[in-house]
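Okay, structure first, notes after.
The values are calculated or read from the model by the stated rules, or taken from the named source; none is laboratory data. The structure displayed is predicted, hence computed values, not measured ones. The accessibility values were calculated without ligands, DNA or RNA, using every heavy atom of the protein model including side chains. Shrake-Rupley method; radii C 1.70, N 1.55, O 1.52, S 1.80 Å.
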Amino acid sequence: LYPSKNALTRVKHKIRALTCQKAHPDLKTLLLRVNPVLRGWCHYFKFGCSSGTFGYLNHYTWWRVARWLRKRHGRLSWRTLQRKVFTNRYRIVANGIELFNPASIATVKKRWRGYHIPTPWSERTASSSAA
């Protein structure tokens with residue numbers, strides 16, 4: 001019950017397309033476009049063993065946005081970017097909007113309901129044997 005490699009590749013291509021250098025005028029707009037894609041993909045795949053994939057996607061997205069910032073502000077050093085944009089040295093925040101962390105989604109394992117599913121055959125055998 002893992003997300004397939006194809007599904008992970010598709011979401012990575014979406015993030016790569018959204019983090020093109022000329023696609024967004026500022027960081028707030030970029031975060032408003034990237035966050036719904038990440039949130040929707042993670043909520044779709046939260047049923048199963050996806051926490052490792054979510055951690056990888058968090059790492060990939062953070063570096064894509066950090067590189068976008070670095071290209072956008074070429075004259076600023078990493079230390080200046082950390083002071084202006086990054087909080088706690090890894091959270092990316094712009095005007096109160098934070099980059100969504102896929103690793104914060106709790107995965108839910110599907111419960112096996114094998115003996116609790118009612119079947120019409122068990123009712124027929126009980127009623128036919130009583131008659």
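Across segment 68-84, rounded Karplus estimates of 3J(HN,Hα) from the backbone phi angles (6.51 cos²θ - 1.76 cosθ + 1.60, θ = phi - 60°) give 4, 5, 5, 6, 5, 10, x, 7, 7, 7, 4, 5, 5, 4, 4, 5, 7 Hz, Gly and Pro being marked x.
Expressed as a fraction of 2.2 N^0.38 Å, the value expected for a compact globular protein of N residues, the C-alpha radius of gyration of segment 29-90 is 1.32. Averaged per residue, segment 1-117 has 68 square angstrom of accessible surface, using a 1.4 angstrom probe with ligands and nucleic acids left out.
Apolar share of the accessible surface for segment 1-96: 53 percent from carbon plus sulfur atoms, 1.4 Å probe.
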